[in-house]
Amino acid sequence: MNEHSQYLKSISPFNLLSDELLMEVSTHLQELNYPKDKVIYHQEISKLKGVDIIVKGNYESFFYDSGKNKRLPEIHQPGFCYGGVSLLLNQRQSLRTVIAKKGTLVYFLHRKYFRELCKTSEPFFQYFASEFGKRMQNEEFVHFFKRPVSAEENFVAAEDLFTRRLETMELRAIVQCNKNTPIFEAARLMAANKVSCLFITNHTGEIFGYVTDITLRDRVIALQKAASSPVGDVTESPVISLNADAFAYEAALMMFRTKTRYLLVNKSGQHAGFISRNKLLSDQAQSPLAFIQSVKSAISDDELKRKWHSVPQFVSQLLNRGVNAQIANQVITTIADTIAQKVIENVIEELGAPPAKFVFMVLGSEGRKEQTFKTDQDNAIIYEDKANEHREMVRDYFLDFADRVSGKLDHIGFSFCTGGFMAKNPKWTHSLSHWKKNYQHWMDESIPETVINFSTFFDCRTIYGETAIMDELHEFLDNELKEHPSEKLFFNMAKNALQYEPPLTFFKSIRTFTKGSREVFDIKKVMSPIVDLVRVYALKHRIFAVNTGERLWALKQQNIFTDAEYNELSQSYYLLMNMRLKNQSSQIIADHVEADNYIEISRLTTIERVTLKEIFNVIKNFQVKIKLQFTGGLLN
């Protein structure tokens, strides 16, 4: 045997071949020398002409993620054969990027001879198949080997969902009866008109509720209620309505938020017809909204966890299709709300009915309906005041309830808040009277800590429970701001909006910092001044809309902001949000890493950089305005 065949005989899997075959193979080997740091193959680009058998030196192989970070690096020593799996199972494309780490000698065997060996020797072929099978047991390897297809290829959301208006859809005619109609006559009316929903009117003829096939099953047959009873006794409410010029996605999101299955459609002040949730979703069967429906039918926390982990794919598809970031936020928020509502309902089933009326509210970005993929829990509970003898029992129930809800949400993917702004923290689960005192104290004290609390809890909304409790709290807050406006509070909240300086250098380039191997800036911090300054104006003018975009619109309607100011801030905010969501979805889907808020400057196009600089200037200009109006001058 010659030198080449003897070397092959000493390494796997060539040691499985006969001496005769090894001698034959050795005549087809080519010696190749590579200098240090020579890139031999590029993942998913290089087409392999054969296999490399390392004789001296070594190879480093790895996957690059979209941020050019090395993933799953491996060092291959002499005796390793690179390229077999790529030739057999990956259409000759190199699975990974390969670099020669020091002066390296390899024996190269052309793919033609390699494939002949695989056909000739079953054990030789099975060696590569087995090695590949072992690698496929590594979840991260599988992710990079089977990279997600592009959003364009995998787009499943129906385009017209975000452009189609209700007036263009087929509406069902409204069938109705008076609330005093006997149940059996109402059922006959439904049968005669072949409808599954019958609308119920009050004594003035206004629709106030509805009954369905399910209503009759659950509230009449199951309870053995007399069929001669008035149908008003089993009517479901409230009835939700939208104008005919509303978009299909708005109707669907409204239905999920209000838990109604039927929506009245109004045109020119009259009911033009109605549409059911099933009808709307069947028309949009391939949209993310069908996914929301599947969330509602999930039966376990693990299933909810899988659903939440699928959300970035939907949002990525929407953004790459040109859907506005504001709509994407609404989709994320609605899914998150739906999951939280399912969790709350499951916990109530475990513990039994609550001993008092309550609201479960969400705060911060979730409260503003501006949730992203890097999110934690921000929530609280307000329950109605009870007599002294029941207070401890009520409080014990809700603390246990809050602890279970928070634990389940953490399991699903909404991690515990590091700042402790959670209902499981006894500090944030209290009676309505206690919450009123909280707000009163924060407004009166107005120091940095209380201003942070006030800002966080000003961005709150109900996702479950008695909305009347939140309405009463808002009414209290509105009166306090009207009767005893706290200039000190406005001053300190304005200072928060001035703390962060947009990252522009003296020479008008974007200031970055190093994060690992990346030069980045924090896009969340860039967006915060817009959120903060809009919140200050909303508070000053007692606007209780929670969403930044909605607050901006309300401020424009009250002539607090001009059309130009509204457009500048709104466009700036949602351009940043678009960039933030795209970056996070790319990290999760393409790079298989946890999302963060760091944008790598080298990955931005020239147009994106120019746009960012203009946005930074918009923020700086508004910071000057807020400094003048709320802190008394430029020098403060």
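Each reported figure results from applying straightforward, stated rules to the coordinates on display, with no laboratory input. Quantities reported herein were computed from a predicted structural model and do not represent experimental measurements. Glycine gets a Cβ as well: all are built from the backbone with ideal geometry, and neighbour counts include every protein chain shown.
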Restricting the count to DSSP beta bridges whose residues both fall in region 206-288, what percent are antiparallel, rounded to a multiple of 5?
65 percent
Given (1) 1.11; (2) 1.23; (3) 1.28 as candidate values of Cα Rg over 2.2 N^0.38 Å, which corresponds to the one derived from the coordinates?
(2)
Alpha-carbon centroid distance for the pair region 311-382 / region 583-632, whole angstrom
24 Å
In region 243-268, whose amide N lies under 14 Å from the spot 7 Å out along Cα-to-Cβ of Ile214? List them in ranges.
255-263
Pairs of alpha-carbon atoms within less than 8 angstrom and 6+ residues apart define the contacts here; what relative contact order does the chain have, in percent?
10 percent
Gain on full stretching of the segment that runs from Ile75 to Val624 - 0.36 nm per residue minus C-alpha separation
192.1 nm
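Taking K and R as +1 and D and E as -1, what net charge do the other residues with C-beta under 13 Å from the C-beta of Asn453 add up to? It would help to have the intermediate numbers written out before the result.
Details: positive: Lys427, Lys437; negative: Asp378, Asp444, Glu445, Glu449, Asp459.
Its environment carries a net charge of -3.
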P(r) of region 269-413 in 10 Å steps, Cα pairs, percent per bin?
10, 34, 31, 18, 7, 1
Which shape class applies to region 525-570: rounded if a/c is under 1.5, otherwise prolate when a/b exceeds b/c and oblate if not, where a ≥ b ≥ c are the square roots of the Cα gyration tensor eigenvalues?
oblate
If I take every Cα pair under 8 Å that is 6 or more residues apart in region 478-636, average their sequence separation and divide by the length, what percent do I get for the relative contact order?
31 percent
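Is the shape of region 485-636 rounded, prolate or oblate, going by the alpha carbon gyration tensor and its root eigenvalues a ≥ b ≥ c, with a/c under 1.5 for rounded and a/b larger than b/c for prolate?
Details: a/c = 2.02, a/b = 1.68, b/c = 1.21.
Prolate, because a/c is 1.5 or more and a/b exceeds b/c.
Please sort 452-458, 203-209 by packing, taking for each peptide the average over its residues of neighbouring beta carbons within 10 angstrom, highest first. Write down the numbers at each step before the final one.
Numbers: 452-458: 19.9, 203-209: 11.6.
Descending packing order for the listed peptides: 452-458, 203-209.
Once the Cβ-Cβ distance between Lys482 and Trp553 is put in as r, and R0 is 22 Å, what FRET efficiency do you end up with, to the nearest 0.05? Write down the numbers at each step before the final one.
Working: r = 22 Å, r/R0 = 0.99.
Working from the Cβ atoms, E equals 0.50.
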For Leu575 and Tyr64, extending 7 Å from Cα along the Cα-Cβ vector and measuring point to point gives, in nm, a value of 2.9 nm
Stretch gain in nm, segment Glu594-Glu20, where the contour uses 0.36 nm per residue and the Cα spacing is subtracted
201.4 nm
What's the local net charge at Asn329, with K and R +1, D and E -1, over the other residues with C-beta under 15 Å away?
+3
Using a Förster radius of 41 Å, what is the FRET efficiency between Ile452 and Lys194 based on their Cβ-Cβ separation? Nearest 0.05, please.
0.10
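Listed highest first by mean packing, meaning other Cβ atoms within 10 Å per residue, what order do 100-107, 246-253 come in?
Numbers: 100-107: 18.2, 246-253: 20.5.
Result, highest mean first: 246-253, 100-107.
Can you tell me the alpha carbon radius of gyration of region 159-283 divided by the globular rule-of-thumb value 2.2 N^0.38 Å?
Values: Rg = 14.9 Å, N = 125, 2.2 N^0.38 = 13.8 Å.
With N residues counted in region 159-283, Rg over 2.2 N^0.38 Å equals 1.08.
Taking 0.36 nm per residue of separation and subtracting the Cα-Cα distance, what length does fully extending Ser228 through Asp444 add? All intermediate terms of the calculation are to be shown ahead of the outcome.
Details: separation 216, 0.36 × 216 = 77.76 nm, distance 5.87 nm.
Working it through step by step, the gained length comes to 71.9 nm.
For region 329-375, state the average projected area of the convex hull of the C-alpha atoms over all orientations, rounded to one decimal in nm².
Numbers: hull surface 14.8 nm².
It is 3.7 nm².
Here are some pairs, Lys369/Lys482; Lys482/Lys627; Lys194/Lys369; which of them have Cα atoms lying more than 28 Å apart in this structure? Kindly include the intermediate steps, with their values, before the conclusion.
Values: Lys369/Lys482 26 Å; Lys482/Lys627 23 Å; Lys194/Lys369 39 Å.
With Cα atoms farther than 28 Å apart: Lys194/Lys369.
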What are the semi-axes of the equivalent ellipsoid for region 324-484, taken as the square roots of 5 times the Cα gyration tensor eigenvalues, largest first, in whole Å?
23, 22, 14
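Note down the net charge around Lys305, summing +1 for each Lys or Arg and -1 for each Asp or Glu among other residues with Cβ under 13 Å from its Cβ.
Numbers: positive: Arg306, Lys307, Lys342, Lys408; negative: Asp301, Asp302, Glu303, Asp410.
Neighbour charge sum, excluding Lys305 itself: 0.
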Taking a straight Cα-to-Cα line shorter than 16 Å from Lys424, and setting aside same-chain lysines fewer than 8 residues away, one finds Lys408
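Relative contact order of region 19-78, please, whole-number percent, based on alpha carbon pairs below 8 angstrom and at least 6 residues apart.
Working: 37 pairs, mean separation 15.1, N = 60.
The value is 25 percent.
Just for region 324-484, what percent of DSSP beta bridges are antiparallel, to the closest 5? Mind dumping the intermediate values first?
On the way: 9 of 13 bridges.
Around 70 percent antiparallel, to the nearest 5.
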Consider all pairwise Cα distances in region 377-423 and report the whole-number % of them above 18 Å.
36 percent
What value, in deg cm²/dmol to 500, does the helix sum -39500 (n - 2.57) over DSSP H runs of n ≥ 4 give at 222 nm once divided by the residues of the chain?
-15000 deg cm²/dmol
